[in-house]
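Following: one structure in structure tokens, then a few remarks.
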Amino acid sequence: MGNRITGTTTLLGLLGYPTKHSKSPLMHNISFEALSLDYVYMAFDVEDGHIKEGLDALRTLHAKGGNITMPHKTKVMEYLDDVSPEAKIIGSVNTIKIDDNNKIIGYNTDGLGFVKSLEENKVDFKGKKIVIVGAGGAAKAVASQLAFEGAGEILLFNRTLSSAGLIADNINKNIAGSRARALVQDEARLLEEIKDAAILINATSLGMEETMDQSIISSADQLPRNIFVADLIYDPAETKLLRIAREAGCKYMNGLMMVIWQGAIAFKIWTGKDMPLDIVKKEIFGR
């Protein structure tokens, strides 16, 4: 018999827009049931400009926290009572915890989720050169966490140089031991820079929906075989970039394990317990 919602059930919620595609309710509720925890996780559509009202609603309902997704990850920070040191440097929040005094503390588990995914794939990134295409919130979280964890050099390619420059400057200013550079997105320059890189990361939306036939790399012969390719997209499970990586004989991963790991870290923040990853993976991957 599955867990039942009662008068004592603790609420956790995802705030974002849209949220219907999210796998977070599935993996968290499976985990609560597996560990016999009296929690429920729900997704709430909160449109842009209404994140304060969303937080107020969680407080009013005596929720214990939840996740923040687009388009609120940056804007939410001005309405929080405290923010973890890592989230302050990254400049965005994807996880919140509401303490016994009804204060809301913000965290960012996105970047650490990506790092855990690399470690699970036994990818050595410490002291290595990493190339990231994109300069949005996900790119910033991933780049910053990789710098925290000891990446040697991080190159950020983006169509708008200033956006990539802000991320690089933030890393260089706040995180010792790692250096970052920003470059205008150009395939010829990208191909040159990945020749001696350990990891190539797509942090753009290229490969989703109407751009499913597009990729940041044009063909398999352009990829060094020893480079690890990561695409933060997980729907579709194999983007054109990952198909090219497979054809080139490269090791690769999509963004699904990053989603699972960032959720596992958030789960620990809320409950103090480890997410049952084997059960979650079996449910999501069907194996």
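Just so it is clear, none of the values below were taken in a lab; they were calculated from the coordinates. Keep in mind that what you see is a predicted model, and the values were worked out from it rather than measured. A quick note on method: Cβ atoms are made from the backbone with ideal geometry, for glycine too, and the neighbour counts reach across all protein chains shown.
Going through the stretch 52-85, which trypsin sites (Lys or Arg not before Pro) have at most 12 other Cβ atoms within 10 Å and a DSSP loop state?
none
Each residue of the stretch 140-150 in order: what ³J(HN,Hα) in whole Hz does its phi give by Karplus 6.51 cos²θ - 1.76 cosθ + 1.60, θ = phi - 60°, with x for Gly and Pro?
Karplus values, whole Hz, x for Gly and Pro: 5, 5, 5, 4, 5, 5, 4, 5, 4, 8, x.
Hey, of (1) 23.5; (2) 18.8; (3) 15.1, which did the structure itself give for mean projected area of the Cα convex hull in nm² when calculated?
Matching the structure shown: (3).
Give the order of I167, I5 when sorted by the count of other beta carbons within 10 angstrom, beginning with the fewest.
With the sparsest Cβ surroundings first, the list reads I5, I167.
How much of the calculated P(r) for the stretch 124-250 lies past 17 Å, in percent of all Cα pairs?
Summing the P(r) of the stretch 124-250 above 17 Å gives 53 percent of all pairs.
For the chain, find the longest principal axis of its Cα atoms and tell me its angle to the long axis of helix 161-174, 0 to 90°, nearest 10.
Tilt relative to the chain: about 70 degrees.
What residue among G152, G263, G106 has the largest mean-square fluctuation in a Gaussian network model of the chain, using Cα springs under 10 Å?
G152
Which angle from 0 to 90°, rounded to the nearest 10, does the C-alpha axis of helix 256-271 make with the longest principal axis of the chain?
Between the helix axis and the principal axis of the chain, the angle is about 30 degrees.
Relative to the first principal axis of the alpha-carbon coordinates of the chain, what is the inclination of helix 110-120, with its axis defined by its Cα atoms, in degrees from 0 to 90 and to the nearest 10?
Roughly 70 degrees between the two axes.
Report Rg(Cα)/(2.2 N^0.38 Å) for the stretch 217-272, keeping two decimals.
1.41
Just to confirm the filter: which GluC sites (Glu not before Pro) across the stretch 15-102 are DSSP coil and have at most 14 other Cβ within 10 angstrom of their Cβ?
Sparse-neighbourhood loop GluC sites (Glu not before Pro): E47.
Starting from the Kirkwood Rh over alpha-carbon pairs, what translational D in µm² s⁻¹ does the stretch 176-276 have by Stokes-Einstein at 10 °C and 1.306 mPa s?
After rounding, the answer is 105 µm²/s.
Given the DSSP H assignment, sum -39500 (n - 2.57) over each helix run of at least 4 residues in the chain and divide by its residue total; what's the result at 222 nm in deg cm²/dmol, nearest 500?
Taking each H run of at least 4 residues, the total per residue is -11000 deg cm²/dmol.
If you restrict to DSSP beta bridges whose two residues both lie in the chain, what percentage is antiparallel, to the nearest 5?
DSSP beta bridges in the chain are roughly 20 percent antiparallel.
Listing K251, K122, K240 from the residue with the fewest other Cβ atoms within 10 Å to the one with the most, what is the order?
K122, K251, K240
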